[in-house]
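Please see the structure below; I have some questions.
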C-alpha cells in the first residue's frame, strides 16, 4: 500500500486559525515533519493532541534524512508536513520534499490541507487591486536585490512580499524613491494580539513604523499597488492609516 503525505497549513499567529480537517489529520497521521519540533509541540498541546512522533525537517535537512522520510512513505505510512507558521512550501521548506516524493514515489498520495497564509490574510484587507498580483516571497539580501526592488517599482500588478522586522526599515527606505506616492500596505503580527496594518506611501508607512514605540517585532507582509503603465509611474496614495 502506498504511503500518504499531507501538507498541512498551520496558524500564522492565533492558534485558533487551523481547520478541523488539519487537526483530524494531525491526530491520525503516523508522524509529523516540523521546521521546529518545539513550535509544533506547542500547537499540538494547545489542541489537546499528544503522543505524536515529531521529526525535525527544515531547509537544512540532509539527503540522508530525506531518504529516511522516503523510506517511511515506502512502508505505507502517513506523514504530515507542517511549517512553523502558515502553508508549507510558501517561502519556507516543503517544496523540495514534495518534488522528491513526486520523482521517487509516484504512487504516494500527496494532499494539500489548506488554511492560514499571511499572504492571503493581508490580501483580504489591503483594499488595493488583487485580481492579479505578483508574489516575490522574501527579497534577496544582497545579490539581485536591486533587480527585485526595480521589479516591484515597474510591476503593473500589485506586488506582495515578505520581510523580516530587522530589514523592513531598510527596505522601505530603498523603495521610497522608486515608488513615490503609490499605495503601500504593511501587515505586522497578523492574527496576533498586536496585529497592526499600515496604509500610505512607502515614506508614510516608514514614518509610522519609526514612530511606533519599541523594537519592530513579528513577521511582516507588504503589498504595493502596481503602477498604471508598468514602467514605474506612481499612483497617488491616500493619507496613512494605522489599524490595530
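Just so it is clear, none of the values below were taken in a lab; they were calculated from the coordinates. These figures come from a predicted structure and were not determined experimentally. Note: ideal-geometry Cβ built from the backbone for every residue, glycine included; neighbour counts use all protein chains shown.
Does region 97-150 come out rounded, prolate or oblate by the C-alpha gyration tensor, with a ≥ b ≥ c the root eigenvalues, rounded set by a/c under 1.5 and, if not, prolate when a/b is larger than b/c and oblate if not?
On the way: a/c = 3.22, a/b = 1.43, b/c = 2.26.
Because a/c hits 1.5 or more and a/b fails to exceed b/c, region 97-150 counts as oblate.
As a test of the definition: which semi-axes, in Å, follow for region 118-243 when you take the square root of five times each eigenvalue of its alpha carbon gyration tensor? Largest first, please. All intermediate terms of the calculation are to be shown ahead of the outcome.
Numbers: eigenvalues 82, 50, 41 Å².
Taking √(5λ) for each eigenvalue gives 20, 16, 14 Å, largest first.
Radius of gyration and Dmax for region 8-108's Cα atoms, expressed in Å?
Taking only Cα atoms of region 8-108, I get Rg and Dmax of 13.1, 36 Å.
Sorted by packing (mean other beta-carbon atoms within 10 Å per residue), highest first, where do 117-125, 102-110, 1-9, 133-141 land? If you can, show how the numbers build up before the last one.
Working: 117-125: 17.7, 102-110: 12.9, 1-9: 19.6, 133-141: 14.7.
Ranking the peptides 117-125, 102-110, 1-9, 133-141 by packing returns 1-9, 117-125, 133-141, 102-110.
Could I ask something else about it? With an 8 Å Cα cut-off and a minimum separation of 6 or more residues, compute the relative contact order for region 118-243 in percent.
Contact order relative to length: 32 percent.
Still on this structure, please answer the following. Working from Cα positions, state the angle (0 to 90°, nearest 10) between the long axis of helix 202-211 and the longest principal axis of the chain.
Between the helix axis and the principal axis of the chain, the angle is about 80 degrees.
Given a cut-off of 24 Å, what percent of all Cα-Cα pairs of the chain lie beyond it?
Values: 15189 of 29646 pairs.
Result for the distance tail: 51 percent.
By how many degrees, 0 to 90 and rounded to 10, does the Cα axis of helix 37-46 deviate from the longest principal axis of the chain?
The angle comes out near 90 degrees.
Take the alpha carbon atoms of region 148-204, find their center, do the same for region 65-92, and report the distance between the two centers in whole angstrom.
What the calculation gives is 32 Å, centre to centre.
Follow-up question, since we're still on this one. Please give the contour-minus-distance gain from residue 1 to residue 228: 0.36 nm per residue of separation, less the Cα-Cα distance, rounded to one decimal in nm.
Working it through step by step, the gained length comes to 76.3 nm.
Could you tell me the relative contact order of region 156-210? Use alpha-carbon pairs under 8 Å, at least six residues apart, and round to a whole percent. Each step should come with its number before you reach the end.
Details: 54 pairs, mean separation 18.1, N = 55.
Worked out over region 156-210, it gives 33 percent.
Treating the angle as unsigned and between 0 and 90°, give the value, to the nearest 10°, between the Cα long axis of helix 168-179 and the longest Cα principal axis of the chain.
Tilt relative to the chain: about 50 degrees.
Say each of residue 95 and residue 210 gets a label point 7 Å from the Cα, pointing the same way as Cα to Cβ; how far apart are those two points in nm?
Once both label points are built, they end up 3.5 nm from each other.
Using a Förster radius of 22 Å, what is the FRET efficiency between residue 124 and residue 66 based on their Cβ-Cβ separation? Nearest 0.05, please. If you can, show how the numbers build up before the last one.
Numbers: r = 35 Å, r/R0 = 1.59.
Calculated transfer efficiency: 0.05.
Can you show me the helix-derived [θ] at 222 nm for the chain, built from DSSP H runs with n ≥ 4 at -39,500 (n - 2.57) apiece and divided by the number of residues, rounded to the nearest 500. Walk me through the numbers on the way to the answer.
Working: 8 runs with 81 residues, N = 244.
Only helices count here, giving -10000 deg cm²/dmol.
A further question follows. Under 10 °C and 1.306 mPa s, how fast does region 7-53 diffuse according to Stokes-Einstein, given a Kirkwood radius computed over C-alpha pairs? Answer in µm²/s, whole number. Don't jump to the answer; show the numbers that get you there.
Values: Rh = 10.9 Å.
The estimated diffusion coefficient comes to 146 µm²/s.
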